[in-house]
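Just below is one structure, and these are the notes that go with it.
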Amino acid sequence: MSESKEQIKTENGFNININAISSEDKLNISIEIDYSNNVILHWGLYRHDNPSWHIPEMSTWPKDSISYKNKAVQSPFITKEAKGVLEIKIDNYKDYSFIPFALYFPDTEQWDNNNGQNYLINIPLWRKTSKSPLNYFMDKLDVFEILFSQQHHFKRLGDVCAIVNKNGNNLQLTIASDISGHLLLHWGIISRFKNQWQLPDESFRPLNTTPVCSSSVETLFIEQDGYKTLNLTASIDEAPERIAFVIRRDYDQWIKRDATDWIIPFGALVHKDKPIDNVELSHITSEIIEREMSNNSWTLMHRFNLCHDLINRSEDNIAALAYLFVWLRFSELRQLDWQRNYNTQPRELAHSMDRLTLRLAWLYIDMPSTRQIASLMLSTLGPGGDGQRIRDEILQIMHRHRIKEVTGSFLEEWHQKLHNNTTPDDVVICEAYIAFLKSNGNLETFYQTLNHKGVTKQRLETFERAIKTPPDFVHYLKDALIHDFEFFLSILKKVHVGTDLQSAIEASGYILSDYIKGRLWFLFDNRLNQTIPMEQQIGTVFFIRKNLYDILNNDRDSHRVRTIIFLDIALVEYMRKIVEGRINKDWEPDTLIKILGLTLDNWLLTNNDPNIIESKKHLDKLIASGQKT
């Protein structure tokens with residue numbers, strides 16, 4: 001039995017208390033409103049995959065309910081102790097996620113419907129089992145050597161886990177789920193550096209397996225202790241490098257991880273010491289070069305999507321990932337085209353960044369040996385953010401200040417670029433425009449700010465949506481535009497910049513303790529304060545990063561891990577700027593040694609280079625002895 005309680009305060013100020021209890025075959029919901037007059041609950045059901053109103057079976061309707069246009073039910077509240085109460089009981093509820101509702105007041109013929117959005121009651125998911133599939137099967141398999149484990153939660157459905165263990169000379173993949181219904185594993189194998197599904201050998205197929213096409217088969221899950229499960233077993237020598245799969249539920253619902261196939265390392269877990277085949281690596285580099293050098297349409301979105309796919313082909317190989325990092329680094333440095341013969345809406349670019357950064361976060365979680373290279377790759381990317389807000393906000397700013405959308409003006413030309421192909425250059429343009437406004441319209445300040453961040457006047461003029469007109473200065477709009485574009489800059493940074501400390505702190509607030517958040521804001525607020533000793537700032541960075549790594553070493557949620565990695569990257573960038581901007585060779589040797597020691601401490605959080613470790617040991621001895629150099 002599962003239970004959830006929630007309270008909703010309506011737009012008209014009514015408090016609604018909801019208690020929902022689900023069992024294997026029934027859902028009971030008690031609703032109480034602090035209103036004793038005539039009021040009707042106008043309600044229906046949302047399916048998992050279809051957020052439109054469905055009418056429940058008539059047998060489940062409360063007393064005196066009526067149908068409304070055969071799309072909803074209207075049920076009157078019963079008055080008890082100066083409150084309105086209503087009981088709803090629904091059989092066969094598991095295909096539904098929410099109960100949408102509104103309130104109707106017949107006496108005044110008024111509606112309370114959340115400004116047209118309706119209110120939602122969450123239907124609690126009932127679990128037949130007390131443990132998640134991962135915990136249950138990890139306990140059963142603990143006598144074997146566990147090489148890999150992963151679990152993904154599907155909202156309103158349940159969990160799917162994959163565990164690879166070594167048993168003597170064999171490898172076994174266990175896939176298990178607590179999702180209800182008839183489950184089929186739709187799967188194939190992937191060989192090294194190939195992204196295509198291939199048909200598994202017959203010797204590798206378990207019972208109840210049926211070929212469905214030239215590259216995949218389907219295997220029926222079996223019931224075991226309340227879970228759906230199956231095993232794939234192969235000898236270590238014959239084990240395929242990776243196994244790809246999706247799950248088919250009740251024959252017509254496809255279950256994927258983050259809208260993509262599951263790719264589980266299998267033979268790659270034990271074969272990865274095999275020498276790298278330069279011919280195999282050349283497949284990756286050749287594909288990159290072909291796409292980059294062709295005359296076809298190409299943008300950052302296309303680059304990020306290709307990188308995502310190439311990671312799936314090379315996730316177990318550090319050398320291949322290093323190639324991908326160099327490629328992304330060249331892109332970050334503007335050495336590769338950011339747009340060629342194609343327009344990308346901001347939400348499309350943000351989606352490709354979100355998808356790639358989540359994939360890198362999964363890589364960081366599941367393959368500890370790749371953590372350093374995964375972090376480096378993330379350092380070249382932006383978090384993705386809400387790309388649609390870029391389009392919406394620039395339009396709102398222009399309309400708010402009655403700036404006409406006409407050709408021959410800086411803001412309209414920039415607006416067109418933002419709509420059709422936003423890039424990290426837009427962060428620099430926004431910073432330059434704010435500096436221009438603060439300088440009372442000094443164009444030299446505008447172009448100096450651009451040049452300092454790597455965007456020349458010539459680059460502006462060669463965009464496919466060119467910006468050729470210099471900005472105008474309207475004195476009476478100065479303060480309002482500075483305010484609005486500083487807010488717009490924060491939106492741009494949340495999409496494009498992974499090293500922005502303020503954005504990273506705000507994004508990670510829900511994960512961190514109040515104390516750590518306080519130390520982070522101390523760093524940010526004092527980033528330009530040169531009266532604070534540098535060793536105090538670097539020491540605070542080190543303290544915070546140690547706490548972040550406690551989270552990173554234990555958390556398996558890709559969204560949370562990605563957020564914390566971006567915060568860690570921003571802290572490293574913060575420390576670099578402080579050291580490069582403030583260090584002085586004329587400082588006391590003791591101070592310089594302390595700064596060096598703290599810098600090495602930070603370095604060693606993510607690098608186990610034996611030479612650095614040995615150097616730090618000698619430095620610690622020097623500090624302890626009180627010697628000066």
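Just so it is clear, none of the values below were taken in a lab; they were calculated from the coordinates. What you see is a predicted model, and the numbers here were worked out from it, not measured in a lab. Counting neighbours? That spans all protein chains shown, and the Cβs are built from the backbone with ideal geometry, glycine included.
A straight chain from TYR342 to GLU588 at 0.36 nm per residue would run longer than the Cα-Cα distance by 82.9 nm. Going from the fewest other Cβ atoms within 10 Å to the most, the residues ARG303, ARG582 appear in the order ARG582, ARG303. For the stretch 440-484, backbone nitrogen atoms closer than 11 Å to the point 7 Å from ARG400 Cα along Cα-to-C-beta are found at 480-484.
Across the chain, the relative contact order, built from alpha-carbon pairs under 8 Å that are at least six residues apart, equals 7 percent. Applying 1/(1 + (r/R0)^6) with r as the Cβ-Cβ distance of ILE21 and ASN312 and R0 = 35 angstrom yields a FRET efficiency of 0.25.
When the square roots of the Cα gyration tensor eigenvalues are ordered a ≥ b ≥ c, the ratio a/c for the stretch 26-84 is 1.5 or more and a/b exceeds b/c, which makes its shape prolate.
Annotation: lysines with alpha-carbon distance below 27 angstrom to LYS468 (same-chain offsets under eight excluded): LYS404, LYS417, LYS438, LYS453, LYS457, LYS478, LYS493, LYS494.
Going by a ≥ b ≥ c, the root eigenvalues of the Cα gyration tensor, does the stretch 388-496 fall in the rounded group (a/c under 1.5), the prolate group (a/b larger than b/c) or the oblate group? Because its axes are fairly even, with a/c under 1.5, the stretch 388-496 counts as rounded.
Put the Cα centre of the stretch 388-418 next to the Cα centre of the stretch 555-593 and the gap is 36 Å. Each label was represented as a point 7 Å from its Cα along the Cα-to-Cβ direction; for THR462 and HIS419 these points are 2.6 nm apart. Over 20 Å between Cα atoms: which of LYS5/LYS83; LYS26/LYS228; LYS63/LYS89; LYS131/LYS166; LYS5/LYS63 fall into that group? Cα-Cα > 20 Å for LYS26/LYS228; LYS131/LYS166; LYS5/LYS63; rest within. Across the stretch 133-271, the mean sequence separation of Cα contacts (distance under 8 Å, 6 or more residues apart), normalised by length, yields a relative contact order of 23 percent. Calculated FRET efficiency, THR445 to LYS256, Cβ-Cβ distance, R0 = 30 Å: about 0.05 to the nearest 0.05.
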